1. Under a Cβ-only charge scheme (Lys and Arg +1, Asp and Glu -1), can you give me the dipole magnitude of the stretch 255-315 about the Cα centre, in debye to the nearest 20?
2. Equivalent ellipsoid semi-axes for the stretch 148-245, as square roots of 5 times the alpha carbon gyration tensor eigenvalues: give them largest first, rounded to whole Å.
3. Which trypsin sites (Lys or Arg not before Pro) does the stretch 82-125 hold that lie in a coil by DSSP with at most 14 other beta carbons within 10 Å?
4. Using a basic spin-label model with each label point 7 Å from the Cα along Cα→Cβ, how many nm lie between residue 307 and residue 21?
5. With viscosity set to 0.692 mPa s and temperature to 37 °C, compute the Stokes-Einstein D of the chain, Rh being the Kirkwood radius across alpha carbon pairs; µm²/s, no decimals.
6. Taking 0.36 nm per intervening residue step and subtracting the Cα-Cα distance, what contour gain separates residue 215 from residue 44 on full extension?
7. Helix by helix through the chain, keep the DSSP H runs that span 27 Å or more along the axis on Cα and average at least 1.0 on Kyte-Doolittle, and give those back in order.
8. Once you have the alpha carbon radius of gyration of the stretch 1-142, what is it after dividing by 2.2 N^0.38 Å, with N set to its residue count?
Amino acid sequence: MTVLGGPTMLPIVRTDILVKEVLKKCDALKRAGVWPSEPKVRPSAWLSNFDESDQAVAAVLLDRFTFYSTPLTQRLLISSFAATANGMAKGPLAPSREQLLGSMRSAVFTGVEGEDPKPTDSGNLFCRWARDELGIPDEKFVAPNIALDAAAQGGSVVFLDDFIGSGDQFTRTWTRPYRGTFPVTFEEAAATKPFVALYVALVAMKQGLESINQAAPSVAISVAHVLSEQSTIRGLLSHPSFPDADLPARISAFLTKYTPRLRPSNFMNNEKSWATYGYKDGGLMLAFEHSVPDATLPIFWCTGDADWVPLVKRA
């Protein structure tokens, strides 16, 4: 949760008091405009999915849930662009700060596409937000095939997206054929005639960064936040300071109990554990108003049985 104060510790308090305190935080976030009003986020209705004996565990998960409203997401986008100039390393063979800044004036911008590219991919939304929030001219935004044409001539390309999880979406965009003549991929263009490539996203999982660094070491990656394993459900399960020593087992039992009630997307069936922990067992506890990463715990966003109410809906 984007919290006011620290995370709520579990058990020592009664379940009803714990639930009440967490819901008070949710209400405060809504009143402050940090969270949108219902039905965008439905904490009370979501808690009602669970048996009374399980609501303490559900309340702890809700307390750790982080939600970025559209205004906060747009601020993250601005921060991610600003991070381009912070001088920190952006990749194993990434251009220098000076090269990145020098390339921005002539760069073209394009969205990162999903496994099955479609107009609703988040990269397209972020192109519009980059235009509106950063004042980048409309003509700078192009389709990936046009961006590859520019790259083939040594021009600079800025890729835009919201979230880096496994890194799969970017590596697929990097290696997807977009032209009928050589170079047909961004990867081939970079190997033949190196160009400045910058990938701007809001939040990244550490393993996703490492995957892209290995697959495309010349790409500079600029994000506002990097999430380690401690930012996932695994961090919560290994938390040493909870007063209830049984909490990890209780959370695992909770997820095992309620996952069968969910109706995950088909791709989540590729691995049995993904229906519990999200794509590639990401175990995230976050969402954006415009979308929810598929690496986020499905218990938060999946549809389910007829009377199941998701905390947030995934676009």
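1. Using only the charged Cβ atoms, the result is roughly 100 debye.
2. 35, 11, 9
3. Within the stretch 82-125, no trypsin sites (Lys or Arg not before Pro) qualify (loop, at most 14 other Cβ atoms within 10 Å).
4. 2.9 nm
5. Working: Rh = 20.7 Å.
Answer, rounded: 159 µm²/s.
6. Working: separation 171, 0.36 × 171 = 61.56 nm, distance 4.30 nm.
The span from residue 215 to residue 44 would gain 57.3 nm if fully extended.
7. Flagged H segments: there are none.
8. Working: Rg = 20.7 Å, N = 142, 2.2 N^0.38 = 14.5 Å.
The stretch 1-142 yields a ratio of 1.43.
Every number in this text was worked out from the coordinates using simple rules, so none of it is lab data. As the structure is a computational prediction, the values presented were derived from the model and not from experiment. Positions of Cβ are backbone-derived with ideal geometry, glycine not excepted, and every protein chain shown enters the neighbour counts.
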